[in-house]
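Participant: Below: one structure in structure tokens.
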Amino acid sequence: MSGGRARMVAVVGGAECSPQEGALAETVGKELASRGVAVVCGGRGGVMEAACRGAREAGGLTVGILPGVSGAEGNPHLSVAIPTGLGHARNSLVVLAGEAVIAIGGGPGTLSEIGIALKLGRRVIGLSTWEAVRPDGKQAEILRAKTAGEAVDLALGLKT
């Protein structure tokens, strides 16, 4: 906690994921929680649920910013479910809530979160996720991690 506020890192990825992506997300959640950092996500299944499950198993706080109008649509591992009624527009809120974004796998929704995070100047860490190349051929500023621990280190600014 910093100044009485919990640190939060956004974990983004597909609502459906491979077993490998799920295992990575769960480990990321555990790593964040073990360091006293809350997980904020879109609150539903797949990568989001796996990260929340890992964080909760490690005693951490999980926040889901949901697309619909009912907290009941959230996964069972949420500490806090925030219904927004915003659909995919809630992706901006997920990114804004985290001091950094860890992207694991994912589809177009994950890509939109990566783009929003880059636009806002948030650190974006990729684990088996999208590559982003600008029109001038330069690679976008997505920091690549090979392990969950490395992704958390990068998200928290402990490694560059």
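Every number here is computed from the coordinates shown, using simple stated rules; none is lab data. All figures in this text were calculated on a predicted structure; none of them were measured in a lab. Note that each Cβ is placed from the backbone with ideal geometry, even for glycine, and that neighbours are counted across all protein chains shown.
Participant: Mean-square fluctuation check for the chain, GNM, Cα pairs under 10 Å: which of V80, V39, V63 is largest?
Facilitator: Highest fluctuation among the options: V80.
Participant: Alpha carbon centre of region 1-54 versus region 105-121: separation in Å?
Facilitator: Rounded to whole Å, the Cα centres lie 16 Å apart.
Participant: Same structure again: Most fluctuating residue of G87, G98, G137 in a GNM of the chain with Cα springs under 10 Å: which is it?
Facilitator: Between G87, G98, G137, it is G137 that shows the largest mean-square fluctuation.
Participant: Which value in nm describes the separation of the simple spin-label points at E57 and R5, placed 7 Å from the Cα toward the beta carbon?
Facilitator: 3.1
Participant: Can you list the HN-Hα couplings for region 104-112, worked out from phi with the Karplus curve (6.51, -1.76, 1.60; θ = phi - 60°), rounded to whole Hz and with x for Gly and Pro?
Facilitator: Going residue by residue, I get 10, x, x, x, x, x, 5, 4, 5 Hz, with x marking Gly and Pro.
Participant: Got a sec? Charge dipole of region 7-155, +1 on Cβ for Lys and Arg, -1 for Asp and Glu; which of L120, S70, M48 is way out at the positive end?
Facilitator: It is L120, whose Cα lies furthest towards the positive end.
Participant: Further question on the same structure: Note the full-extension length gain between E16 and R35 as 0.36 nm times their separation in residues minus their Cα-Cα distance, in nm to one decimal.
Facilitator: 4.2 nm
Participant: Could you work out the longest stretch of the chain that avoids the trypsin sites (Lys or Arg not before Pro) located in DSSP loops with at most 12 other Cβ atoms within 10 Å?
Facilitator: That would be 1-137.
Participant: How much length is gained if the chain between E73 and L143 is pulled fully straight, taking 0.36 nm per residue apart and subtracting their Cα-Cα distance, in nm to one decimal?
Facilitator: My answer for the length gained is 22.0 nm.
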